[in-house]
(Lines give C-alpha, C1' and ligand atoms only; values in the text may rest on other atoms or scores of the structure.)
Protein backbone atom coordinates (compact mmCIF):
# COMPACT_ATOMS: atom_id res chain seq x y z
CA UNK A 1 0.00 0.00 0.00
CA UNK A 2 2.65 2.53 1.08
CA UNK A 3 5.29 1.63 -1.50
CA UNK A 4 3.10 2.25 -4.55
CA UNK A 5 1.71 5.45 -3.01
CA UNK A 6 5.23 6.81 -2.43
CA UNK A 7 6.16 6.05 -6.06
CA UNK A 8 3.01 7.79 -7.33
CA UNK A 9 3.76 10.87 -5.18
CA UNK A 10 7.34 11.03 -6.48
CA UNK A 11 5.97 10.96 -10.05
CA UNK A 12 3.67 13.91 -9.27
CA UNK A 13 6.46 15.90 -7.56
CA UNK A 14 8.76 15.21 -10.52
CA UNK A 15 6.32 17.21 -12.66
CA UNK A 16 6.14 20.12 -10.20
CA UNK A 17 8.30 23.19 -10.92
CA UNK A 18 9.14 23.70 -7.23
CA UNK A 19 10.72 20.28 -6.66
CA UNK A 20 13.96 19.42 -8.42
CA UNK A 21 15.59 16.53 -6.53
CA UNK A 22 15.04 13.48 -4.35
CA UNK A 23 15.78 15.70 -1.34
CA UNK A 24 12.80 17.91 -2.26
CA UNK A 25 10.60 14.85 -2.79
CA UNK A 26 11.37 13.53 0.71
CA UNK A 27 10.92 16.95 2.34
CA UNK A 28 7.58 17.72 0.68
CA UNK A 29 6.17 14.23 1.11
CA UNK A 30 7.24 14.41 4.78
CA UNK A 31 5.14 17.37 5.88
CA UNK A 32 1.98 16.09 4.19
CA UNK A 33 2.55 12.57 5.56
CA UNK A 34 3.14 14.06 8.99
CA UNK A 35 -0.18 15.96 9.00
CA UNK A 36 -2.10 12.82 7.96
CA UNK A 37 -0.20 10.79 10.59
CA UNK A 38 -1.03 13.43 13.19
CA UNK A 39 -4.72 13.29 12.24
CA UNK A 40 -4.81 9.50 12.73
CA UNK A 41 -2.90 9.87 16.03
CA UNK A 42 -5.51 12.35 17.27
CA UNK A 43 -8.32 9.96 16.28
CA UNK A 44 -6.63 7.15 18.23
CA UNK A 45 -6.26 9.38 21.30
CA UNK A 46 -9.91 10.51 21.08
CA UNK A 47 -11.05 6.85 20.87
CA UNK A 48 -8.85 5.85 23.82
CA UNK A 49 -10.21 8.76 25.88
CA UNK A 50 -13.80 7.79 25.03
CA UNK A 51 -13.23 4.20 26.16
CA UNK A 52 -11.98 5.43 29.56
CA UNK A 53 -14.77 7.99 29.94
CA UNK A 54 -12.42 10.96 29.54
CA UNK A 55 -12.58 13.87 27.13
CA UNK A 56 -9.87 14.62 24.59
CA UNK A 57 -8.94 18.12 23.43
CA UNK A 58 -7.53 18.03 19.93
CA UNK A 59 -4.13 19.60 19.29
CA UNK A 60 -5.15 21.05 15.91
CA UNK A 61 -8.07 23.50 15.73
CA UNK A 62 -11.06 22.23 13.64
CA UNK A 63 -10.48 24.52 10.62
CA UNK A 64 -6.87 23.27 10.28
CA UNK A 65 -7.60 19.57 10.74
CA UNK A 66 -6.87 17.20 7.86
CA UNK A 67 -10.54 16.37 7.27
CA UNK A 68 -11.42 20.07 6.96
CA UNK A 69 -8.89 21.53 4.53
CA UNK A 70 -7.16 18.52 2.96
CA UNK A 71 -9.73 15.76 2.71
CA UNK A 72 -13.32 16.80 3.53
CA UNK A 73 -15.43 13.68 2.94
CA UNK A 74 -18.79 12.97 1.32
CA UNK A 75 -21.15 10.42 2.89
CA UNK A 76 -19.67 7.86 0.48
CA UNK A 77 -16.26 8.33 2.14
CA UNK A 78 -14.71 9.93 -0.95
CA UNK A 79 -13.07 13.37 -0.88
CA UNK A 80 -15.63 16.12 -1.60
CA UNK A 81 -15.14 17.44 -5.15
CA UNK A 82 -15.66 20.95 -3.72
CA UNK A 83 -12.52 20.61 -1.58
CA UNK A 84 -9.88 23.33 -1.96
CA UNK A 85 -7.77 22.98 -5.11
CA UNK A 86 -5.49 24.94 -7.43
CA UNK A 87 -4.42 28.40 -6.23
CA UNK A 88 -6.98 28.36 -3.39
CA UNK A 89 -5.35 25.28 -1.87
CA UNK A 90 -1.80 26.64 -2.29
CA UNK A 91 -2.79 30.01 -0.77
CA UNK A 92 -4.46 28.31 2.21
CA UNK A 93 -1.34 26.22 2.90
CA UNK A 94 1.14 29.11 2.48
CA UNK A 95 -0.85 31.96 4.05
CA UNK A 96 -2.89 30.22 6.76
CA UNK A 97 -1.84 26.63 7.54
CA UNK A 98 1.95 27.03 7.87
CA UNK A 99 1.79 30.24 9.96
CA UNK A 100 -0.80 28.57 12.25
CA UNK A 101 1.37 25.47 12.78
CA UNK A 102 4.52 27.56 13.38
CA UNK A 103 2.83 29.24 16.37
CA UNK A 104 2.83 25.96 18.32
CA UNK A 105 6.53 26.46 19.04
CA UNK A 106 5.67 29.48 21.21
CA UNK A 107 2.35 28.27 22.65
CA UNK A 108 3.48 24.74 23.68
CA UNK A 109 3.88 24.09 27.41
CA UNK A 110 7.40 22.64 27.04
CA UNK A 111 9.90 21.42 24.41
CA UNK A 112 9.18 17.75 25.22
CA UNK A 113 5.63 17.91 23.81
CA UNK A 114 4.34 17.00 20.37
CA UNK A 115 2.87 20.53 20.13
CA UNK A 116 6.37 22.02 20.36
CA UNK A 117 7.69 19.57 17.73
CA UNK A 118 4.86 20.57 15.35
CA UNK A 119 5.88 24.23 15.77
CA UNK A 120 9.57 23.43 15.23
CA UNK A 121 8.97 21.33 12.12
CA UNK A 122 6.82 23.96 10.42
CA UNK A 123 9.18 26.77 11.43
CA UNK A 124 11.95 24.98 9.50
CA UNK A 125 9.89 23.85 6.51
CA UNK A 126 8.33 25.68 3.64
CA UNK A 127 5.93 24.43 1.02
CA UNK A 128 7.77 24.01 -2.29
CA UNK A 129 4.86 22.49 -4.25
CA UNK A 130 4.03 25.27 -6.68
CA UNK A 131 0.94 23.75 -8.27
CA UNK A 132 -2.17 23.49 -6.11
CA UNK A 133 -3.44 20.85 -8.54
CA UNK A 134 -0.37 18.68 -7.92
CA UNK A 135 -0.86 19.19 -4.17
CA UNK A 136 -4.49 18.11 -4.43
CA UNK A 137 -3.40 14.94 -6.26
CA UNK A 138 -0.75 14.16 -3.61
CA UNK A 139 -3.24 14.74 -0.79
CA UNK A 140 -5.67 12.29 -2.44
CA UNK A 141 -2.90 9.65 -2.46
CA UNK A 142 -1.83 10.27 1.13
CA UNK A 143 -5.42 10.28 2.39
CA UNK A 144 -5.73 6.64 1.28
CA UNK A 145 -3.02 5.66 3.78
CA UNK A 146 -3.87 4.60 7.32
CA UNK A 147 -1.61 4.83 10.36
CA UNK A 148 -3.93 3.31 12.95
CA UNK A 149 -2.62 -0.22 13.61
CA UNK A 150 0.86 -1.23 14.76
CA UNK A 151 1.55 -3.09 11.48
CA UNK A 152 0.48 -0.05 9.40
CA UNK A 153 2.78 2.23 11.40
CA UNK A 154 5.62 -0.29 11.13
CA UNK A 155 5.22 -0.57 7.35
CA UNK A 156 5.12 3.19 6.95
CA UNK A 157 8.22 3.78 9.10
CA UNK A 158 10.09 1.07 7.15
CA UNK A 159 9.21 2.66 3.80
CA UNK A 160 10.01 6.14 5.07
CA UNK A 161 13.48 4.76 5.82
CA UNK A 162 13.63 3.59 2.18
CA UNK A 163 12.82 7.11 1.02
CA UNK A 164 15.62 8.47 3.19
CA UNK A 165 17.96 5.87 1.67
CA UNK A 166 16.97 7.01 -1.83
CA UNK A 167 17.71 10.57 -0.75
CA UNK A 168 21.10 9.37 0.50
CA UNK A 169 21.78 7.75 -2.87
CA UNK A 170 20.65 10.88 -4.73
CA UNK A 171 23.79 12.86 -4.07
CA UNK A 172 26.46 14.11 -1.77
CA UNK A 173 24.19 16.12 0.53
CA UNK A 174 21.65 13.33 0.91
CA UNK A 175 24.39 10.83 1.67
CA UNK A 176 25.24 12.74 4.84
CA UNK A 177 21.91 11.70 6.31
CA UNK A 178 21.99 7.98 5.67
CA UNK A 179 23.94 5.19 7.37
CA UNK A 180 23.12 1.66 6.11
CA UNK A 181 20.57 0.15 8.49
CA UNK A 182 22.23 -3.32 8.68
CA UNK A 183 25.36 -1.59 10.03
CA UNK A 184 23.35 0.47 12.53
CA UNK A 185 21.46 -2.60 13.79
CA UNK A 186 24.77 -4.45 14.25
CA UNK A 187 26.30 -1.56 16.23
CA UNK A 188 23.16 -1.36 18.40
CA UNK A 189 23.28 -5.14 19.06
CA UNK A 190 26.90 -4.98 20.20
CA UNK A 191 26.47 -1.88 22.42
CA UNK A 192 23.11 -3.26 23.66
CA UNK A 193 21.41 -0.21 25.31
CA UNK A 194 19.03 -1.11 28.16
CA UNK A 195 15.78 0.52 29.32
CA UNK A 196 16.72 3.16 31.89
CA UNK A 197 19.89 4.16 30.03
CA UNK A 198 20.08 7.36 27.98
CA UNK A 199 21.11 7.18 24.31
CA UNK A 200 22.72 10.12 22.49
CA UNK A 201 23.64 11.01 18.91
CA UNK A 202 25.10 14.48 18.45
CA UNK A 203 25.15 14.12 14.64
CA UNK A 204 21.64 12.72 14.42
CA UNK A 205 20.97 13.09 10.67
CA UNK A 206 17.87 11.05 9.81
CA UNK A 207 17.92 9.56 13.37
CA UNK A 208 18.65 6.03 12.16
CA UNK A 209 20.72 5.16 15.27
CA UNK A 210 18.03 6.41 17.68
CA UNK A 211 15.22 4.67 15.73
CA UNK A 212 17.06 1.34 15.73
CA UNK A 213 18.00 1.72 19.41
CA UNK A 214 14.30 2.35 20.17
CA UNK A 215 13.26 -0.82 18.31
CA UNK A 216 16.04 -2.81 20.08
CA UNK A 217 15.02 -1.54 23.53
CA UNK A 218 11.31 -2.14 22.84
CA UNK A 219 12.15 -5.83 22.38
CA UNK A 220 14.60 -6.04 25.29
CA UNK A 221 12.00 -7.93 27.36
CA UNK A 222 11.02 -10.29 24.57
CA UNK A 223 7.87 -8.71 23.16
CA UNK A 224 6.78 -5.06 23.22
CA UNK A 225 3.72 -6.16 25.23
CA UNK A 226 6.01 -7.15 28.13
CA UNK A 227 7.01 -3.52 28.75
CA UNK A 228 5.46 -1.81 31.75
CA UNK A 229 3.73 1.58 31.54
CA UNK A 230 6.81 3.05 33.25
CA UNK A 231 9.11 1.42 30.64
CA UNK A 232 7.06 2.92 27.81
CA UNK A 233 7.07 6.39 29.38
CA UNK A 234 10.85 6.14 29.95
CA UNK A 235 11.45 5.22 26.29
CA UNK A 236 9.12 7.97 25.09
CA UNK A 237 10.44 10.84 27.19
CA UNK A 238 13.75 10.15 28.93
CA UNK A 239 15.85 7.90 26.72
CA UNK A 240 16.72 9.31 23.28
CA UNK A 241 18.57 12.57 22.70
CA UNK A 242 20.11 14.12 19.63
CA UNK A 243 21.46 17.27 18.00
CA UNK A 244 21.50 18.23 14.33
CA UNK A 245 22.92 21.25 12.55
CA UNK A 246 21.21 21.04 9.14
CA UNK A 247 17.56 21.99 8.75
CA UNK A 248 16.44 19.23 6.39
CA UNK A 249 18.20 16.50 8.37
CA UNK A 250 16.71 17.89 11.60
CA UNK A 251 13.16 17.78 10.15
CA UNK A 252 13.55 14.30 8.67
CA UNK A 253 15.20 12.93 11.83
CA UNK A 254 12.42 14.32 14.02
CA UNK A 255 9.70 12.95 11.76
CA UNK A 256 11.44 9.59 11.44
CA UNK A 257 11.37 9.18 15.23
CA UNK A 258 7.72 10.27 15.38
CA UNK A 259 6.82 7.77 12.64
CA UNK A 260 8.66 5.07 14.61
CA UNK A 261 6.48 5.84 17.64
CA UNK A 262 8.32 8.47 19.71
CA UNK A 263 5.79 11.30 19.92
CA UNK A 264 8.04 14.15 21.06
CA UNK A 265 11.69 13.39 20.18
CA UNK A 266 14.37 15.16 22.21
CA UNK A 267 16.16 16.43 19.09
CA UNK A 268 17.66 19.93 19.18
CA UNK A 269 18.41 21.97 16.06
CA UNK A 270 21.90 23.26 16.83
CA UNK A 271 25.56 22.99 15.86
CA UNK A 272 26.88 20.39 18.30
CA UNK A 273 30.47 21.54 17.78
CA UNK A 274 29.66 25.10 18.84
CA UNK A 275 29.47 23.84 22.45
CA UNK A 276 32.67 24.32 24.45
CA UNK A 277 33.86 21.01 25.90
CA UNK A 278 34.88 22.76 29.11
CA UNK A 279 31.23 23.67 29.75
CA UNK A 280 29.95 20.07 29.72
CA UNK A 281 28.89 18.98 33.22
CA UNK A 282 28.03 15.55 34.65
CA UNK A 283 24.29 16.28 34.26
CA UNK A 284 24.84 16.75 30.49
CA UNK A 285 26.30 13.27 30.00
CA UNK A 286 24.74 10.09 28.60
CA UNK A 287 25.06 6.32 29.14
CA UNK A 288 25.28 5.34 25.47
CA UNK A 289 26.57 7.09 22.33
CA UNK A 290 25.61 5.66 18.93
CA UNK A 291 26.61 7.75 15.93
CA UNK A 292 28.18 8.25 12.52
CA UNK A 293 29.54 11.82 12.60
CA UNK A 294 30.12 13.55 9.25
CA UNK A 295 33.67 13.19 7.96
CA UNK A 296 35.62 15.25 5.48
CA UNK A 297 34.18 18.57 6.62
CA UNK A 298 36.32 21.47 7.77
CA UNK A 299 35.44 23.57 10.81
CA UNK A 300 36.37 27.21 11.28
CA UNK A 301 39.00 28.35 13.77
CA UNK A 302 36.47 29.70 16.31
CA UNK A 303 34.76 26.27 16.45
CA UNK A 304 38.13 24.54 16.94
CA UNK A 305 38.72 26.76 19.99
CA UNK A 306 36.02 24.72 21.80
CA UNK A 307 38.29 21.65 21.80
CA UNK A 308 41.56 20.78 23.56
CA UNK A 309 42.85 19.03 20.43
CA UNK A 310 42.63 21.54 17.56
CA UNK A 311 41.83 20.09 14.14
CA UNK A 312 39.80 21.12 11.11
CA UNK A 313 38.50 17.56 10.56
CA UNK A 314 34.86 17.53 11.67
CA UNK A 315 34.82 13.84 12.64
CA UNK A 316 37.81 14.27 14.99
CA UNK A 317 36.10 17.18 16.78
CA UNK A 318 32.97 15.05 17.12
CA UNK A 319 35.00 12.18 18.59
CA UNK A 320 36.35 14.51 21.32
CA UNK A 321 32.78 15.68 21.97
CA UNK A 322 31.45 12.12 22.30
CA UNK A 323 34.21 11.01 24.67
CA UNK A 324 33.39 14.01 26.87
CA UNK A 325 29.60 13.38 26.66
CA UNK A 326 29.87 9.80 27.94
CA UNK A 327 29.35 9.08 31.63
CA UNK A 328 31.93 6.95 33.44
CA UNK A 329 31.05 3.37 32.48
CA UNK A 330 29.21 4.63 29.41
CA UNK A 331 29.46 2.73 26.11
CA UNK A 332 29.86 3.91 22.52
CA UNK A 333 29.69 2.63 18.96
CA UNK A 334 31.06 5.24 16.53
CA UNK A 335 31.68 5.05 12.77
CA UNK A 336 34.79 6.93 11.64
CA UNK A 337 37.18 7.05 8.65
CA UNK A 338 39.80 4.30 8.84
CA UNK A 339 42.57 6.91 8.41
CA UNK A 340 41.90 7.90 12.03
CA UNK A 341 43.74 4.72 13.05
CA UNK A 342 46.99 5.62 11.30
CA UNK A 343 47.24 9.37 10.48
CA UNK A 344 50.56 10.77 11.75
CA UNK A 345 49.56 14.43 12.20
CA UNK A 346 49.68 15.79 15.76
CA UNK A 347 45.87 15.99 16.18
CA UNK A 348 45.31 12.34 15.14
CA UNK A 349 48.11 11.05 17.40
CA UNK A 350 46.83 13.13 20.35
CA UNK A 351 43.27 11.95 19.78
CA UNK A 352 44.27 8.27 19.69
CA UNK A 353 46.26 8.79 22.90
CA UNK A 354 43.23 10.47 24.55
CA UNK A 355 40.93 7.63 23.48
CA UNK A 356 43.29 4.88 24.68
CA UNK A 357 44.02 6.55 28.03
CA UNK A 358 40.47 7.61 28.97
CA UNK A 359 38.47 4.75 27.44
CA UNK A 360 38.69 1.00 26.92
CA UNK A 361 38.71 0.67 23.12
CA UNK A 362 37.84 -3.03 23.23
CA UNK A 363 36.72 -3.56 19.60
CA UNK A 364 37.48 -2.19 16.13
CA UNK A 365 35.33 -3.36 13.22
CA UNK A 366 37.22 -2.82 9.95
CA UNK A 367 34.72 -2.40 7.09
CA UNK A 368 35.36 -2.91 3.36
CA UNK A 369 34.98 -0.12 0.80
CA UNK A 370 31.51 0.44 -0.64
CA UNK A 371 29.60 0.26 2.66
CA UNK A 372 28.66 3.91 2.18
CA UNK A 373 27.33 4.30 -1.34
CA UNK A 374 29.18 7.01 -3.24
CA UNK A 375 31.26 8.09 -0.23
CA UNK A 376 34.52 6.71 -1.60
CA UNK A 377 36.09 6.21 1.84
CA UNK A 378 36.83 3.18 3.99
CA UNK A 379 35.47 3.22 7.52
CA UNK A 380 35.88 1.49 10.86
CA UNK A 381 33.58 1.25 13.88
CA UNK A 382 35.08 2.02 17.28
CA UNK A 383 33.45 0.31 20.28
CA UNK A 384 34.62 1.62 23.62
CA UNK A 385 33.72 2.07 27.28
CA UNK A 386 34.67 5.17 29.22
CA UNK A 387 36.45 5.15 32.55
CA UNK A 388 39.37 2.71 32.23
CA UNK A 389 42.37 2.77 29.87
CA UNK A 390 42.70 0.34 26.97
CA UNK A 391 44.89 -2.71 27.57
CA UNK A 392 44.02 -4.76 24.48
CA UNK A 393 42.13 -4.01 21.23
CA UNK A 394 40.26 -6.77 19.40
CA UNK A 395 39.99 -6.27 15.64
CA UNK A 396 37.57 -7.84 13.19
CA UNK A 397 38.14 -7.40 9.48
CA UNK A 398 34.98 -7.84 7.41
CA UNK A 399 36.16 -9.67 4.29
CA UNK A 400 33.38 -10.32 1.78
CA UNK A 401 33.52 -12.37 -1.41
CA UNK A 402 31.80 -9.59 -3.38
CA UNK A 403 32.14 -5.87 -4.04
CA UNK A 404 29.59 -3.68 -2.27
CA UNK A 405 27.59 -1.05 -4.13
CA UNK A 406 24.10 0.33 -4.80
CA UNK A 407 22.78 -2.95 -6.15
CA UNK A 408 24.83 -5.13 -3.79
CA UNK A 409 24.49 -3.54 -0.38
CA UNK A 410 25.75 -4.65 3.02
CA UNK A 411 23.37 -7.02 4.84
CA UNK A 412 22.96 -8.09 8.46
CA UNK A 413 24.02 -11.63 7.47
CA UNK A 414 27.37 -10.20 6.36
CA UNK A 415 27.92 -8.96 9.92
CA UNK A 416 26.47 -11.94 11.82
CA UNK A 417 29.91 -13.56 12.18
CA UNK A 418 31.29 -10.38 13.75
CA UNK A 419 28.40 -10.15 16.26
CA UNK A 420 28.89 -13.79 17.32
CA UNK A 421 32.69 -13.56 17.68
CA UNK A 422 32.67 -10.19 19.40
CA UNK A 423 31.21 -11.71 22.57
CA UNK A 424 34.32 -13.86 23.16
CA UNK A 425 36.80 -11.81 21.05
CA UNK A 426 38.23 -15.01 19.65
CA UNK A 427 41.12 -15.07 17.20
CA UNK A 428 40.32 -16.29 13.68
CA UNK A 429 41.53 -15.71 10.13
CA UNK A 430 39.65 -12.38 10.17
CA UNK A 431 40.10 -11.36 13.84
CA UNK A 432 43.07 -10.67 16.08
CA UNK A 433 44.09 -8.73 19.19
CA UNK A 434 46.73 -6.07 19.75
CA UNK A 435 48.21 -5.13 23.13
CA UNK A 436 48.45 -1.38 23.74
CA UNK A 437 51.81 -1.99 25.44
CA UNK A 438 53.16 -3.03 22.03
CA UNK A 439 52.14 0.22 20.31
CA UNK A 440 54.77 2.82 19.48
CA UNK A 441 54.25 5.72 21.93
CA UNK A 442 55.33 8.24 19.32
CA UNK A 443 52.37 7.45 17.03
CA UNK A 444 49.89 5.16 18.88
CA UNK A 445 49.29 3.64 15.45
CA UNK A 446 46.13 1.50 15.57
CA UNK A 447 46.12 0.38 11.91
CA UNK A 448 44.02 -2.69 11.19
CA UNK A 449 46.80 -4.95 9.88
CA UNK A 450 45.62 -8.54 9.93
CA UNK A 451 48.57 -10.75 11.02
CA UNK A 452 46.61 -13.94 10.25
CA UNK A 453 46.06 -13.20 6.59
CA UNK A 454 48.91 -14.55 4.55
CA UNK A 455 49.68 -12.76 1.33
CA UNK A 456 49.07 -15.35 -1.32
CA UNK A 457 50.93 -15.05 -4.59
CA UNK A 458 49.11 -16.77 -7.41
CA UNK A 459 51.64 -19.28 -8.83
CA UNK A 460 51.33 -19.95 -12.55
CA UNK A 461 51.50 -23.41 -14.07
CA UNK A 462 54.85 -24.24 -15.84
CA UNK A 463 53.02 -24.88 -19.12
CA UNK A 464 51.59 -21.29 -19.00
CA UNK A 465 55.10 -19.83 -18.50
CA UNK A 466 56.56 -21.88 -21.36
CA UNK A 467 53.69 -20.88 -23.68
CA UNK A 468 54.29 -17.19 -22.89
CA UNK A 469 58.05 -17.56 -23.46
CA UNK A 470 57.37 -19.20 -26.82
CA UNK A 471 54.97 -16.38 -27.82
CA UNK A 472 57.52 -13.73 -26.81
CA UNK A 473 60.27 -15.52 -28.83
CA UNK A 474 58.03 -15.58 -31.89
CA UNK A 475 57.21 -11.88 -31.45
CA UNK A 476 60.94 -11.03 -31.16
CA UNK A 477 61.71 -13.03 -34.31
CA UNK A 478 59.02 -11.15 -36.24
CA UNK A 479 60.46 -7.78 -35.15
CA UNK A 480 64.02 -8.83 -36.15
CA UNK A 481 62.80 -9.98 -39.58
CA UNK A 482 61.02 -6.64 -40.10
CA UNK A 483 64.22 -4.74 -39.28
CA UNK A 484 66.31 -6.96 -41.63
CA UNK A 485 63.88 -6.28 -44.47
CA UNK A 486 64.35 -2.54 -43.99
CA UNK A 487 68.17 -2.78 -44.26
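Can you confirm whether residue 128 is free of Cβ contacts under 8 Å to residues at least 40 places away in the same chain, in contact with a helix residue (DSSP H, G or I) (Cβ under 8 Å, 6 or more places away or on another chain), surrounded by fewer than 20 Cβ atoms within 10 Å (Cβ to Cβ) and closer than 20 Å to residue 251 by Cβ? The answer is no for residue 128.
Scanning region 452-468 for residues that are surrounded by fewer than 10 Cβ atoms within 10 Å (Cβ to Cβ) and at pLDDT 70 or above returns 461, 462, 463. Tallying residues that are surrounded by fewer than 22 Cβ atoms within 10 Å (Cβ to Cβ) and touching a helix residue (DSSP H, G or I) at 6+ places or on another chain (Cβ under 9 Å) within region 287-301 yields 6. Taking region 213-255 as the range and being farther than 20 Å from residue 269 by Cβ, in a helix (DSSP H, G or I) and at pLDDT below 90 as the test, the residues that pass are 224, 225, 226. The condition (being over 15 Å from residue 316 (Cβ atoms), assigned by TED's automatic domain parsing to the domain that holds residue 316 and within 18 Å of the chain's Cα centre (by Cα)) is satisfied by just one residue among 406, 392: 406. Looking only at residues in region 336-365 that are touching a helix residue (DSSP H, G or I) at 6+ places or on another chain (Cβ under 7 Å) and assigned to a strand (DSSP E or B), the one that is surrounded by the fewest Cβ atoms within 10 Å (Cβ to Cβ) is 337.
Among the residues of this structure, residue 390 does not count as one that is within 20 Å of residue 184 (Cα to Cα), in contact with a strand residue (DSSP E or B) (Cβ under 9 Å, 6 or more places away or on another chain) and crowded, with 18+ Cβ neighbours inside 10 Å.
Note on region 281-315: among residues that are in a helix (DSSP H, G or I) and farther than 30 Å from residue 217 by Cβ, the one that is modelled with the lowest pLDDT is 301.
Could you look through region 1-21, keep only residues that are modelled with pLDDT under 90 and surrounded by fewer than 21 Cβ atoms within 10 Å (Cβ to Cβ), and pick out the one that is nearest to residue 153 (Cα to Cα)? It would help to see each step written out before you state the result.
At the first step, the residues of region 1-21 found to be modelled with pLDDT under 90 are 1-7, 20-21.
Remaining after also requiring surrounded by fewer than 21 Cβ atoms within 10 Å (Cβ to Cβ): 1-5, 7, 20-21.
Numbers: 1: 12, 2: 10, 3: 13, 4: 16, 5: 15, 7: 18, 20: 29, 21: 26 Å.
So, considering only residues that are modelled with pLDDT under 90 and surrounded by fewer than 21 Cβ atoms within 10 Å (Cβ to Cβ), the one nearest to residue 153 (Cα to Cα) is 2.
Might you let me know whether region 405-421 holds any residue that is over 16 Å from residue 187 (Cα atoms) and either at pLDDT 95 or above or touching a strand residue (DSSP E or B) at 6+ places or on another chain (Cβ under 9 Å) (or both)? No, that holds for no residue. The residue pairs whose first member lies in region 258-276 and is free of Cβ contacts under 8 Å to residues at least 40 places away in the same chain, whose second member is surrounded by fewer than 20 Cβ atoms within 10 Å (Cβ to Cβ) and not in a helix (DSSP H, G or I), and whose beta carbons are closer than 6 Å, counting only pairs six or more residues apart or on different chains, are 271/245; 276/306. A single entry from 20, 55 fulfils the requirement of being under 28 Å from the mean Cα position of the chain (by Cα), assigned to a loop (DSSP other than H, G, I, E, B) and without any contact (Cβ under 8 Å) to a residue 60 or more places away in the chain: 20.
Cβ-Cβ contacts under 9 Å between residues 6 or more apart (or on different chains), taken from a first residue in region 342-368 that is outside the structural domain of residue 445 (by TED's automatic domain parsing) and under 11 Å from residue 382 (Cβ atoms) to a second residue that is part of a strand (DSSP E or B) and at pLDDT 95 or above, are absent. Only residues that are surrounded by fewer than 24 Cβ atoms within 10 Å (Cβ to Cβ) and within 15 Å of the chain's Cα centre (by Cα) were counted across region 217-246, and they come to 4.
The values are calculated or read from the model by the stated rules, or taken from the named source; none is laboratory data. The structure displayed is predicted, hence computed values, not measured ones. A quick note on method: Cβ atoms are made from the backbone with ideal geometry, for glycine too, and the neighbour counts reach across all protein chains shown.
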